[in-house]
Each structure stands twice: as structure tokens, then as C-alpha cells.
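These notes concern the structure reproduced below.
Please treat every number below as a calculation from the coordinates, not as lab data. Since we're looking at a predicted model, the values are computed, not measured. Positions of Cβ are backbone-derived with ideal geometry, glycine not excepted, and every protein chain shown enters the neighbour counts.
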Amino acid sequence: MEAFIRSLPKVELHLHIEGTLEPELMFRLAERNGVTLPYPDVEAVRAAYQFEDLQSFLDLYYQGAQVLLEEQDFYDLTWAYLEHCHADNVLHTEIFFDPQTHTDRGVPFEKVIRGIRRALDDGRERLGISSELILSFLRHLSEESAFQTLEEAMPWREQFIGVGLDSGEVGNPPEKFERVFAKARKLGLRVVAHAGEEGPPEYIWQALDLLKVERIDHGVRSLEDPALVERLRDSGMPLTVCPLSNVKLRVFERMEDHNLLRLMEAGLKVTVNSDDPAYFGGYMTDNFRAVQHAFGLGCEQLVQLSRNAVDAAFLSDERRAELNAALDAALQAGLERAV
Ligand code: ADE
Ligand code: ZN
């Protein structure tokens, strides 16, 4: 099973590039850029990663991002993530970046997107990993700031495929960004939003009805509302679930308490993702391993999770067919090994 999980072709749809900043790289960049970190060493940073909730994590996440100043920093960050993808057999990834985290510190948008893009282009060429970028608005900031960010991104319109919504959820409902998302859709951008991670089912309804999203990021609280489950199931709405993240941020106390299997059994299009792997203790293979172990998932269920991600990804027909063929082959090999 371990070998099957490692070699399973994977597609990641919920990953914050700023959340892939490992403490070692954080220290290297701090030194390179003359930034003083409030920790003596890497071990102290890791020891600080004990979170009570989403906000206690976000405080450290925004603090860590302060070492990212130059285009090369964003390149190095993204390249390190792609090396993890390669090791985990992630064949396609759709990556969030939070421009406001950087532009509000005076780092030009251009440095952020150029650095990330250059690494993604190298990843495609050298590692065969296809990828897309999703510009994510910080929901604790104003609607006006989101509009400004979208405006600032316009010269780079061809470099990202869609927009998302992240940061502190409770108290910042999707309705706050209805007009920005309408504008993004008018520009032909794909739309997704974090909803129902800590926030109530009502926020998921709003993401669907007001933002008109194509995927719900997290969505684990949907099970509290049977009418919402029906809506998600009947519309085939994908959920980008992040198991290790949910346990680390105490949405569920233990992996065994996670509702991933119940979501699948309710007929929802569940995918597995790593969210902020440097902070939550694992990349894609680690997340698959954790849910397989907690719920005793078999090869078919694991392949189904990857298949859902292929369906839900913003892919060309040609690339989608390639990835589905890779999954067919993996399932066949898994079943043959089992007999
Ligand atoms: N930003 C980075 N990770 C996040 C998460 N899990 N929820 C909301 N905002 C985030
Ligand atoms: Zn997230």
C-alpha cells in the first residue's frame, strides 16, 4: 500500500505557495535578505507550529512570508515545492498565491509573479509537471483592496487562470467579495473560494450562489446541512479537502474524526490536498497516507480521489486524458498486485 500511495498519480488543487516555506529556506532567505527572524534556529520555528485554530496559524504564516523579497526568492520557494511534487508523483498542480501579503510590504507584484512563473515553466520543462496559478484575495482585507489587486494584476492576466479567496474566514463571508468575483468572471477568470473550513454552511451557500465558484476549497462543514449536501452532490461540485491541515488547525481533533470518508459516501466529489505543507507536516503523499491509514481506504478509493481531482482541475482535454490514462494504469497495476 505504501508503494501504491507513493506512485499514485496525483493532482493538487489546494496549495498556497507561501505555505510551502520550510524553516530551512526561511532562514536561508532571511540571511540573504538581511531580515531578522524572531527565532534562534530552525528547531525553534518548528516548535512554534502548534496551532489552536486558523488564525493562530495565519499569524505565523504571514510572519514567515516576510523573508520573501526578491524575484529569486519566489523562484526558490516554488522550485522547492515542485521538487516535492516530483517526489510524490504530483503530475499537475494549481497553486494559490496571495499578492496582498507581498504588495502590502512594498514587494512589487511583478517580482512575485515573475519568480513563481519562471519556476513553473522550469517545472514543466524539466519535471513534466503541468501547473496553473490562482490569485487569491485576502478576505480579512477590504473589497477595495481586492479590486485594486485585480487591477494591478491585469498586465499579467495571461499568467494566471483564476481567482480565489483565503485568510481568516469567520466574520469575512463570501458576500463581501460578490462584486470583485463578478468582475473576475467577466474577465474570463475561473473562480474558487475557501468556504466551510471554520465558517458555517451558509458561507458555502454564498460561495455557490453569490460568487458562483467552480470549486469549494475545504467545504468540510457542508455535512451539517443536508440540503447543501444535496446541492453539492447534484451539481458535482468539487471539494478540495486538506486532511492534515484540518487536524493541525483543529477542525477535527484526530484524523480518525475527519469526515473525508463520510463526504465521499455522501456522493461528493472529494479531492485530497496539502494546503500549507511546510506548516502542517506533510505534502501530497503524506496526506494520502494519513487518510488511507485512518479509514483503511483501498486502491479503488485512492484512485477515485485522484480521479476527482483530474475532473475538477482546470485542464485542457488533452492533458486531462493523459492524466486519466495514468490513473487507469495505476489502478490496473494496484489490482494486479493485490491478487
Ligand atoms: N491561507 C493559507 N492557508 C489557508 C487556509 N487553510 N485557510 C484560509 N486561508 C489560508
Ligand atoms: Zn487553503
Compute the distance in nm between two label points, each set 7 Å from the Cα along the Cα-to-Cβ direction, one at Glu110 and one at Ala80. 2.7 nm
Rounded, prolate or oblate: which fits segment 280-323 when a ≥ b ≥ c are the square roots of the eigenvalues of the alpha-carbon gyration tensor, with rounded for a/c under 1.5 and prolate only if a/b beats b/c? oblate
At a 10 Å Cβ-Cβ cut-off, how would you order Val272, Val35, fewest neighbours first? Val35, Val272
On a C-alpha basis, how far is the centre of segment 247-310 from the centre of segment 210-246 in Å? Whole number, if you could? 14 Å
Would you mind calculating the gained length between Asp209 and Ala329 on full extension (0.36 nm times residue separation, minus the Cα-Cα distance), in nm to one decimal? 39.4 nm
Can you pull the one-decimal nm distance between simple spin-label points at Arg124 and Ala266, each 7 Å off the Cα toward Cβ? 3.7 nm
Amide H proximity to Arg190 below 5 Å, modelled H, separation 5+ or other chain, gives Gly162, Val163
Can you tell me how segment 151-255 classifies by the Cα gyration tensor, rounded, prolate or oblate, using a/c under 1.5 as the rounded cut? prolate
Within a Cβ distance under 10 Å of Ala266, other residues only, what is the Lys/Arg minus Asp/Glu net charge? 0
Linear extension gain, Tyr49 paired with Glu336, 0.36 nm per residue minus alpha-carbon span: 99.2 nm
Once each part is reduced to its C-alpha centroid, what is the distance from segment 6-45 to segment 131-175 in angstrom? 22 Å
Could you tell me whether segment 39-157 comes out rounded, prolate or oblate from its Cα gyration tensor? Rule is a ≥ b ≥ c as square roots of the eigenvalues, rounded for a/c under 1.5, then prolate if a/b exceeds b/c, otherwise oblate. oblate
Please turn the phi angles of segment 208-221 into ³J(HN,Hα) values with the Karplus equation 6.51 cos²θ - 1.76 cosθ + 1.60 (θ = phi - 60°), one per residue in order, whole Hz, x for glycine and proline. 6, 7, 9, 8, 6, 6, 9, 8, 9, 8, 6, x, 5, 7
Between Glu151 and Asp59, what is the label-point separation in nm under the 7 Å Cα-to-beta-carbon projection? 3.4 nm
Where the eigenvalues come from the Cα gyration tensor of segment 202-339, what are the semi-axes √(5λ) of the equivalent ellipsoid, largest first, in whole Å? 24, 20, 14
Which ³J(HN,Hα) values, rounded to whole Hz and listed in residue order, are derived for segment 303-313 from phi using the Karplus coefficients 6.51, -1.76 and 1.60 in 6.51 cos²θ - 1.76 cosθ + 1.60 with θ = phi - 60°, glycine and proline given as x? 5, 4, 4, 5, 5, 4, 5, 4, 4, 8, 7
What number, rounded to the nearest 500 deg cm²/dmol, is the helix-based mean residue ellipticity at 222 nm of the chain, given -39500 (n - 2.57) per DSSP H run of at least four residues and division by all its residues? -15000 deg cm²/dmol
dims of segment 2-338, Cα set, principal axes, largest to smallest, nearest Å -> 54, 41, 40
